[in-house]
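Structure, as C-alpha cells:
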Amino acid sequence: MKTGFYARLAADSMRKNRRMFIPFILTCIGMVMMFYIIMFLAVSDALKNVTGEATLRQVFAMGSIVISIFSAIFLFYTNSFLMKRRKREFGLYNVLGMSKINISRIVFWEMLITAIISVCFGLLAGMAFSKLAELGLVNLIRGEVTYDLSVSVVAVKRSVQVFAMIFLLLFLNTVRQIRSSQAVLLMKSDNAGEKPPKGNGFIALTGAAVLAAAYYIAIKIKDPMAAFVTFFAAVIMVIIGTYLLMISGSVIICRILQKKKKYYYKPEHFVSVSSMLYRMKRNGAGLASICILSTMVLVMTASTSSLYLGEEDAVERRYPRDINMEFRMNDLSGLSEENIKKLNLSVFEKVNAYSITAENAYSYRCVSFSGTLVGNNAETEPEMIKASDMLTNMRTFFIIPLSDYNAMTGADEVLNKGEAILYSYRNAYNEDKISFNGSSAIRIKKRLDSFLENGDSVANMTSSIYLIVPELEDVLSGLDVLADYHGERLIQLRWICGFDADTDAEQQIRLNSRLESTFTDGNLKENFGYDVCYMESRENERADFYSLFGSIFYIGIVLSLVFIIAAVLIIYYKQVAEGYEDIGRFSIMQNIGMTKKEIRKSINSQLLIVFFLPLALAAVHLAFAFPFMRKILLMFSFDNIALFARTTAASLGIFSVFYALVYRFTASAYYGIVSGMKEKS
C-alpha cells in the first residue's frame, strides 16, 4: 500500500469520531500539563533558599508519581470507551479484507497522532502556565516572588518519558483486544448489551458488609497512629465495597422500581428503568468510578483546605509560646527544686540582658517515657511489650510534680501518696486507676479537661497521658530499667519552659539563636546537670509550616482538578456511549407514539437516578471519613474540628453545584443523540 495510507485512514477515522476523540485528547493534554507543572515545581529554582525547600521538593516529587500512576489508570479506563465505540469499525475493516495487522497499523497511527498532539500541546500549556503555578505556590507559602521565565529540561524529558510509556501500553492493550476478537463479534460489539450479574443479593450484601467494616474502622479508631497505618486498608475496602454495591445494588434498586407498578408503568419511567437494568453491570462499574473520584475530590479539598486555613492555629498548638525551651537532665538531681530555680533564673537573666521582656512564662519539670496501655496497666519495658499492642495502645507518659502544676496554673490541689490528677491528650482514659509494669496502682483523683501541652505531644503520632503526682520519685522507683536499657536511655528527665517575647519576629528569631548558643556551652551543662538543650522559636518554625501546608494545599488543588477532569470525562463518555446504544430503543418508542417531551422526561428520570446516586454515596463516604481524617490531621498539629467541619461542608456544597452543572451539560448531549440529532460529517 502507498506510504501514508494508514496514516490517512487513521486521521480520517479520528475526524469522523471526533465526538469521542476530542475529549480524550483534551484530557491527555490536561494530564501532560499537570504532570509537567508538578515536575517543574519540584525542580524549580524559585524554591531555592526557601525555608522547608527539601520538604517542598519531596511533596511535589510524590505528587508527580501520583499523577503519573493515576494518568495511566485513567487513560486505560477512558480508552476502553473509545474501543467500545470503535470495535464495529474495526470489524468492518476486517470484513472488507484488512488483516488484524493492518488494523493494528491504523491504531498505531491513531495512537501516535494522539500522543504527539497530547504531549506537544500539553507541554506548551504546561510551559505557559508553569510560571503562574509557581507564583501561586510562592504566594501560598509566603515566599519571595520572582518573575524570571524558564523552561525545565528535566520536566520536559520526564513528561515525554512517562506519557510515551503510557501511550505505548495503550497501543499494546488495544492491539491485544483486536487480535483476540473475531470479525463477527467486532461488528456486533457496538450493540452488545450486558446481562445483569448473577447473585445480585449476595454481591450487594458483601459490598455493604465491606463498606460497613470500613466505616466501623473509621469511627472506632481513636489513635492517630493507628488511623495513619490503617488508612490505606480502609480506602481499599471503601473502593471494593463501592464497586460491589454499585454493580449489584443498582440492579436490585431497578428491580424494586419494576415491582412498583404505579411508578414503573409510566412512559418516562418504563423506558429508563428497563434501559438501566439491561446494562447495569457495566453501568454500575462506571457509577462506582464516579463515586470514588468524587469522594477523593471531597476528601482532598476538605483536608488540604483545612490545613491551609488552619495553619496559624497549628503553629500555635505546636509551639505554645514564642520561645520554647527544653532541658534534658543527666539524672534526677538535675530536677531538684534548687537546681531548677537556679536554671530558671539564668534563663531569664539572659533574656533580660537582651532588653526583651518575657511574658506569659510557664515551666514545669516532668519525666517522660513510652509504653503500651492495656486496661489500667502500662507496660514500659520493651521486652515485655507485645507487637499487637504497639499499634493502638502505644502512649507517651508525662509525669509532673504537683508543686510545679500548682505554681504554673495557680491551683491549690492536694494529693496524697498513691493519687494523681490525669489529663489525656487525643485518646480518653476512663479507668479509675493506672499502674506501670504491674506495680501498685495509682488512683485517679481528678481529670483535667485541658492542659498546656508541650510541643512533643502535639507533634507525636501517639496519644499522651499527663499524670500530676505528689513526688516524681513515687513513680520512678519502678522504672529504673528505662534509665539504662542496654546502654540506651528510654526515660527522659526534662525541664520545659516557654515564654512570649514583647518584640517583632526578627528579634524573636535572633533571641532564640542567642539562647541556643548560650545554653549549649559546656560549662553551663556541667553546672546545671543537663545533657542537651532544645530551642524552638515559633517565628523561626512558622515558615516551615507555611511551606509544608502550602505545598500540601497546592498538591491537593492539582490532584482535585485531575480527579474532577477524570470524573467529568467518565460521565461524558458514559452519556455519549449509552446515547448511541439507546438510539435504537428510543427510535422504536418514537415510532409507536412516544413524543420527544416524553423521551426527555424518561431521560431525566434515568439520569437523576444514575448520576446523583454516586454523589449521594460519596457524601456518605465523606461523613464516615470525617472522624478518620481528623485523626490523621492531628499528625500535622491540626485540631480545629469546627474549621474542618465548615470546610468539609463547604467542599460538599461547592462540588454538588459543580456536579449538577455537569449533569445538565451531559444530559443535553445524551438527549441530542437519542432524539435523532446526527453528527455533522
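Residues are listed down the side, and each one gets a yes or a no for (1) outside the structural domain of GLY498 (by TED's automatic domain parsing); (2) within 30 Å of GLU488 (Cβ to Cβ); (3) in contact (Cβ under 8 Å) with a residue 12 or more places away in the chain:
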| residue | (1), (2), (3) |
| --- | --- |
| THR357 | no, no, yes |
| THR380 | no, yes, yes |
| LYS386 | no, yes, yes |
| ASP412 | no, no, no |
| ARG426 | no, yes, yes |
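Please work out if SER303 is farther than 26 Å from GLU516 by Cα and either surrounded by fewer than 17 Cβ atoms within 10 Å (Cβ to Cβ) or among the polar types (S, T, N, Q) (or both). So SER303 fits the description; yes. From the list ARG57, ARG86, the lone residue that is at pLDDT 75 or above, assigned by TED's automatic domain parsing to the domain that holds SER150, outside any loop (DSSP other than H, G, I, E, B) and of a type in the set (Lys, Arg) is ARG57.
Please list, ordered by residue number, the helices (runs of 4 or more DSSP H) wholly in region 285-392 having 1 or more residues that are at pLDDT 90 or above and out of contact with any Leu (no Cβ under 8 Å at 6 or more places or on another chain). Reasoning before the result, please.
Details: elements: 311-318, 337-353, 387-390.
Because the criterion is at least 1 residues that are at pLDDT 90 or above and out of contact with any Leu (no Cβ under 8 Å at 6 or more places or on another chain), the helices (runs of 4 or more DSSP H) in region 285-392 that meet it are 337-353.
Looking at ALA566, is it buried (at least 21 other Cβ atoms within 10 Å of the Cβ) and not in a strand (DSSP E or B)? In short, yes.
What's the total number of residues in region 609-656 that are part of a loop (DSSP other than H, G, I, E, B) and not small (Gly, Ala, Ser)? Show your work before the answer.
Start the filter on region 609-656 by keeping residues that are part of a loop (DSSP other than H, G, I, E, B), which leaves 635-640.
From what's left, not small (Gly, Ala, Ser): 635-636, 638-640.
Number satisfying all stated conditions: 5.
Restricting attention to region 113-151, the residues being modelled with pLDDT under 85 and of a type in the set (Gly, Ala, Ser) number 5. Taking (1) within 24 Å of LYS417 (Cα to Cα); (2) surrounded by 21 or more Cβ atoms within 10 Å (Cβ to Cβ) in turn, PHE519 satisfies each apart from (1).
Do we have VAL154 as touching a helix residue (DSSP H, G or I) at 6+ places or on another chain (Cβ under 6 Å), among the hydrophobic types (A, V, I, L, M, F, W, C), at pLDDT 80 or above and not in a loop (DSSP other than H, G, I, E, B) here?
Numbers: touching a helix residue (DSSP H, G or I) at 6+ places or on another chain (Cβ under 6 Å): no; among the hydrophobic types (A, V, I, L, M, F, W, C): yes; at pLDDT 80 or above: yes; not in a loop (DSSP other than H, G, I, E, B): yes.
Spelling it out, it is not the case that VAL154 is touching a helix residue (DSSP H, G or I) at 6+ places or on another chain (Cβ under 6 Å), among the hydrophobic types (A, V, I, L, M, F, W, C), at pLDDT 80 or above and not in a loop (DSSP other than H, G, I, E, B).
Checked against (1) at pLDDT 90 or above; (2) under 17 Å from the mean Cα position of the chain (by Cα); (3) not small (Gly, Ala, Ser), VAL657 meets all criteria but (2). Taking the numbered list (1) surrounded by 20 or more Cβ atoms within 10 Å (Cβ to Cβ); (2) not assigned by TED's automatic domain parsing to the domain that holds SER668 in turn, VAL558 passes all entries but (2).
How many residues, within region 393-421, are within 34 Å of the chain's Cα centre (by Cα), part of a strand (DSSP E or B) and not β-branched (Val, Ile, Thr)? I'd like the intermediate steps shown before the answer.
Pass one, region 393-421, residues within 34 Å of the chain's Cα centre (by Cα): 393-398.
Checking the rest, the ones that are also part of a strand (DSSP E or B) come to 394-398.
Cutting the leftovers down to not β-branched (Val, Ile, Thr) gives us 394-395, 397-398.
The total comes to 4.
When region 458-475 is filtered for residues that are closer than 28 Å to ARG321 by Cβ, assigned to a helix (DSSP H, G or I) and modelled with pLDDT under 80, only ALA459 remains. Name the residue that is farthest from GLU536 (Cα to Cα), counting only residues in region 511-522 that are free of Cβ contacts under 8 Å to residues at least 40 places away in the same chain and of a type outside the set (Gly, Ala, Ser). Residue satisfying both the conditions and the ranking: ASP521. Among the conditions (1) modelled with pLDDT of 75 or more; (2) touching a Pro at 6+ places or on another chain (Cβ under 8 Å), the only one that GLU598 does not satisfy is (1).
Looking for whichever is over 30 Å from MET300 (Cβ atoms), in a helix (DSSP H, G or I) and of a type in the set (Val, Ile, Thr) here; the options are ILE555, ILE509. Which one fits? So that I can check it myself, show each step before the final result.
Details: ILE555 fails: over 30 Å from MET300 (Cβ atoms).
Every option except ILE509 fails the conditions.
The values are calculated or read from the model by the stated rules, or taken from the named source; none is laboratory data. Predicted model, so just to flag it, every value in this text is computed and none were measured. Virtual Cβ from ideal backbone geometry, glycine too; neighbours counted across all protein chains shown.
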